[in-house]
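Q: Quick one: structure below, then a few questions.
The values are calculated or read from the model by the stated rules, or taken from the named source; none is laboratory data. This is a predicted model, so every value here is computed, not measured. Cβ sites come from the backbone with ideal geometry, for glycine too, and all protein chains shown count toward neighbours. Accessible surface areas use protein heavy atoms only, side chains included; no ligands, DNA or RNA. Shrake-Rupley method; radii C 1.70, N 1.55, O 1.52, S 1.80 Å.
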Amino acid sequence: MAFDEIIHPTNRLQICASLASVDALEFSVVRDTLGVSDSVLSKQVKVLQTAGYVAVKKAPLKSRTHTWLSLTPAGREALAGHLAELRRIANLAGGAEGAGF
């Protein structure tokens, strides 16, 4: 379990979470899901790609180039560790409630 400062910012966490249950998603699908601009998504994907968490693949489709994003094995491991740490922290808050804090 490890809190991951690369994944933690909201957009990056949502990108990783969106990619976790699929092999790959098209850039435009991720952009629309997050409700951000191309440039905002590109910047966040670049950070995740540099960390080795996201792979980017460009492929021609119907006379256009489409960009596909996928979570790498390292990205899946980092996301799982980050989510486990968030659950641990959330459980501390739940324990504080029960203790009368």
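Q: Return the residues of the stretch 8-29 that are in a loop (DSSP other than H, G, I, E, B) and closer than 19 Å to His82 by Cβ; say none if nothing qualifies.
A: Those that are in a loop (DSSP other than H, G, I, E, B) and closer than 19 Å to His82 by Cβ: His8, Pro9, Ser21, Val22.
Q: From the set of residues in the stretch 1-29 that are charged (D, E, K, R) and surrounded by 12 or more Cβ atoms within 10 Å (Cβ to Cβ), which is farthest from the chain's Cα centre (by Cα)?
A: Ranking the candidates gives Glu26 first.
Q: Does any residue of the stretch 71-94 turn out to be out of contact with any Lys or Arg (no Cβ under 7 Å at 6 or more places or on another chain), touching a residue at least 60 places away in the same chain (Cβ under 8 Å), outside any helix (DSSP H, G or I) and of a type in the set (Asp, Glu)?
A: Taking every residue of the stretch 71-94 in turn, none turns out to be out of contact with any Lys or Arg (no Cβ under 7 Å at 6 or more places or on another chain), touching a residue at least 60 places away in the same chain (Cβ under 8 Å), outside any helix (DSSP H, G or I) and of a type in the set (Asp, Glu).
Q: Okay, moving on. Within the stretch 74-95, track down each residue that is in contact with a Gly (Cβ under 9 Å, 6 or more places away or on another chain) and open to solvent by 30 Å² or more (accessible area, probe 1.4 Å).
A: Passing the criteria: only Ala74.
Q: Also: Can you find a residue in the stretch 30-50 that is assigned to a strand (DSSP E or B), over 11 Å from Asn11 (Cα atoms) and open to solvent by 70 Å² or more (accessible area, probe 1.4 Å)?
A: There is no residue in the stretch 30-50 that is assigned to a strand (DSSP E or B), over 11 Å from Asn11 (Cα atoms) and open to solvent by 70 Å² or more (accessible area, probe 1.4 Å).
Q: May I pose another question? Mind checking which pairs have a first residue in the stretch 6-22 that is within 17 Å of Val36 (Cα to Cα) and a second that is of a type in the set (D, E, K, R) and surrounded by 13 or more Cβ atoms within 10 Å (Cβ to Cβ), Cβ under 6 Å, 6 or more apart or different chains?
A: none
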